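Enquirer: The following block contains the structure, expressed as structure tokens.
Please treat every number below as a calculation from the coordinates, not as lab data. Predicted, not measured: the structure shown is a model, and the values here were computed from it.
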Amino acid sequence: MEKKVIGILGGMGPLATADLFRKMVEHTRAGRDQDHPRILVDCNTNIPDRTAALLHGGTDPVPELTAAARNLERGGAQVIAMPCNTAHGFYDAVQAAVAVPVLHMIRLTAQALTERGVDAAGLLATDGTIQTGIYQRSFQDTGVTLLTPEAEDQQAVMDLIYRGVKAGLRRPADHGAPAGEGRADPDPGMHGAAPGGGAVPSGVSLHRSHPGAGPGGPALRRVRDGITIPAEMKRRKGA
């Protein structure tokens, strides 16, 4: 059977790109190198910040996003994935730029959670992803309730993404001052998690390696310990 060539439209950020590539390799049933799919990666770090563009009038990322998609298509990619949730705010422009399908990660997440019978999921994502409502629209009519952090914990998630993973924190020596105390127990009504920022899995991995360290430490601890669910959401769920 002919294998499809998969393109990864990456660079948002590099660790999220590497995380997707690694997971694709690790979850492929293969007994030899030749059993793996061919994967093309464009780690385009010239793509402007998506949250800044969506919320603060920052540089439009569409020209670089579409250039990278066309580059992958020219290289032979038959399907493209974008390991950046916030970039899906520009999904339509990217899909319109190429003839091959671009996977919509958020819709696929909603489909997977629905198929697994999940009725409530915590969303850890950038401000751009949450405030533009792209997850909320994709989850509409699925029966899955999205639970988002309160303001303080949302800032912790942003710290995890921008001051932790995107700032390049890797080792204990990178982290500086000790972290503050984490707080909040996981909400008992939350049955799943939707990591709505491409950097979130890398941030969790960073915490597992070096728990509670550095400027991203409080965020990492809060992601580990749970998020605080707004009272009105708890009332809605009967918690």
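Enquirer: May I ask for the Kirkwood hydrodynamic radius of region 47-130, worked out over all distinct Cα pairs and given in angstroms to one decimal? The partial results should precede the final answer.
Expert: Working: mean 1/r = 0.0716 Å⁻¹.
Evaluated over region 47-130, this radius sits at 14.0 Å.
Enquirer: Another question, if that's okay. On full extension of the chain, what length is gained from Q78 through V100, given 0.36 nm per residue of separation minus the C-alpha to C-alpha distance? Show your work: numbers first, answer last.
Expert: On the way: separation 22, 0.36 × 22 = 7.92 nm, distance 0.57 nm.
Here the answer is 7.4 nm.
Enquirer: Does region 1-152 come out rounded, prolate or oblate by the C-alpha gyration tensor, with a ≥ b ≥ c the root eigenvalues, rounded set by a/c under 1.5 and, if not, prolate when a/b is larger than b/c and oblate if not? Don't skip to the answer; put the middle values down first.
Expert: Details: a/c = 1.90, a/b = 1.22, b/c = 1.55.
Oblate.
Enquirer: Amide H to amide H under 5 Å from R38: which residues, 5+ apart in sequence or cross-chain, H placed 1.01 Å off N in plane?
Expert: Here I6 satisfy the definition.
Enquirer: Which distance in Å, rounded to a whole number, links the C-alpha centroids of region 26-54 and region 1-16?
Expert: Region 26-54 and region 1-16 have Cα centres spaced 3 Å from each other.
Enquirer: Would you mind checking which residues have amide H under 5 Å from N44's amide H? H placed 1.01 Å from N; only 5 or more apart, or other chain.
Expert: Under 5 Å from the amide H of N44 lie the amide H atoms of G10, G11, each far enough along the sequence or on another chain.
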